[in-house]
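Shown next, in structure tokens, is the structure this report addresses.
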Amino acid sequence: MRFINFGDKKLKDVVIGFFAGSMVKRQIDVIKITHLTYSETSNEFVLHVPSEYDYRLTTLDKDSFIYFLLMIRENLGQPPLKLWFKPEINLGIFCTTEGMKEKKYPTQDPREMTAEAFRAYIDAKKLRIKSIAENTETLISRDGKKITENDFEVLRMLGKGAFGKVVLAQKRDDAEFYAVKILEKQALLKKDSLEQIKTERNILEMARHEFIVGLEYCFHSPSRVYFAMKFMQGGELF
């Protein structure tokens with residue numbers, strides 16, 4: 001049994017400079033897949049096919065797709081897939097592409113994963129997300145809505161800094177693209193930079209100019225502070 005990857009035309013068209021790949025059909029034999037690398041912070045995952053090369057994919061329905069894949073393999077009498085769960089947003093460092101001589105697997109031991117075990121993982125993840133959302137406070141919201149990290153789908157890393165990182169994210173309710181700055185509170189406290197961040201937040205909140213991207217949302221969870229601004233590319237605001 002095979003599935004076909006058609007790519008994601010909307011993402012390709014809108015964010016062409018930040019996504020690799022094209023609308024190429026690829027047929028992947030589910031029996032040949034032996035391992036899977038799963039990003040815990042974005043929609044990326046890698047299907048490892050030792051007899052060919054790896055497939056690095058992104059979909060908003062990642063968990064449903066993987067669960068379905070595990071179910072298919074079980075129905076075909078195949079052994080459980082072995083999964084690596086990684087915190088990285090971009091899994092390219094774990095993906096063997098065509099022409100590479102050595103496999104690029106994560107170093108730690110993978111976990112054997114049945115469909116039932118993966119369903120339990122999904123349920124536990126939903127509980128964690130719910131807990132974080134309940135303990136998140138919205139500080140700034142241009143549209144007046146309460147916002148949490150679960151309102152955004154992380155798509156790609158844009159950059160790293162001293163206190164955190166900036167990611168490209170898509171808002172779930174309206175599919176708009178945002179650059180989201182994620183700051184670790186522990187790092188801010190350690191470097192005594194809370195006042196600096198408050199000043200940055202105030203400046204971005206007051207910014208109202210056609211050449212300045214203002215702050216759309218600011219919120220914080222028990223461990224992080226988030227600044228969300230509309231994503232710009234090539235001088236255009238999406």
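Working note: Karplus 6.51/-1.76/1.60 with θ = phi - 60° gives segment 101-116 the couplings 8, 10, 6, 10, 8, x, 7, 6, 6, x, 9, 5, 10, 8, 4, 5 Hz, where Gly and Pro are set to x. As a proxy for reagent exposure, 64, 221 were ordered by neighbouring Cβ count within 10 angstrom, fewest first; the result is 64, 221. The calculated FRET efficiency for residue 200 paired with residue 41, based on their beta-carbon distance and R0 = 25 Å, is about 0.60.
A cut-off of 5 Å between modelled amide H atoms, ignoring neighbours fewer than 5 places along the same chain, links residue 156 with 168.
Applying 0.36 nm per residue to the separation of residue 127 and residue 107 and subtracting their alpha-carbon distance, the gain on full extension is 4.3 nm.
Which entries of 86/190; 62/126; 171/198; 126/181 have Cα-Cα distances beyond 18 Å here? Display every interim value, and only then the final one.
Working: 86/190 26 Å; 62/126 14 Å; 171/198 24 Å; 126/181 23 Å.
Among 86/190; 62/126; 171/198; 126/181, the Cα-Cα distance tops 18 Å for 86/190; 171/198; 126/181.
Each label point was placed 7 Å from the Cα along the Cα-to-Cβ direction; for residue 146 and residue 51 their separation is 5.2 nm.
Treat the count of other C-beta atoms within 10 Å as a stand-in for reagent exposure and order 141, 223, 42 from fewest to most. Spell out each step's value before the answer.
Values: 141 15, 223 11, 42 23.
In order of increasing Cβ crowding within 10 Å: 223, 141, 42.
Protection proxy ranking for 155-165, 29-39, using the average of other Cβ atoms within 10 Å per residue and placing the highest first: 29-39, 155-165. Taking amide H as placed 1.01 Å from N in the peptide plane, the amide H of residue 224 sits under 5 Å from that of 185, each at least 5 places away or on another chain.
For trypsin sites (Lys or Arg not before Pro), the sites in segment 93-126 that DSSP calls loop and that have at most 11 other Cβ atoms within 10 Å are 101.
Subtract the Cα-Cα distance of residue 157 and residue 97 from 0.36 nm times their separation in residues, and report this length gain in nm to one decimal. Don't skip to the answer; put the middle values down first.
Details: separation 60, 0.36 × 60 = 21.60 nm, distance 2.01 nm.
Gain on extension, residue 157 to residue 97, equals 19.6 nm.
For segment 161-176, the residues whose amide N sits under 15 Å from a probe point set 7 Å from the Cα of residue 184 along the beta carbon direction are 161-166.
Our coupling estimate for segment 163-173, obtained by passing each phi through the Karplus curve with A = 6.51, B = -1.76, C = 1.60 and θ = phi - 60°, is 10, x, 8, 10, 10, 8, 9, 10, 6, 5, 6 Hz, Gly and Pro reported as x. Across segment 143-148, rounded Karplus estimates of 3J(HN,Hα) from the backbone phi angles (6.51 cos²θ - 1.76 cosθ + 1.60, θ = phi - 60°) give 9, x, 8, 6, 10, 9 Hz, Gly and Pro being marked x.
Read the figures in this text as sums done on the coordinates, not as results from a lab. This structure is a prediction, so every number in the text was calculated from the model and none was measured. Neighbour counts run over all protein chains shown; Cβ positions are idealised from the backbone, glycine included.
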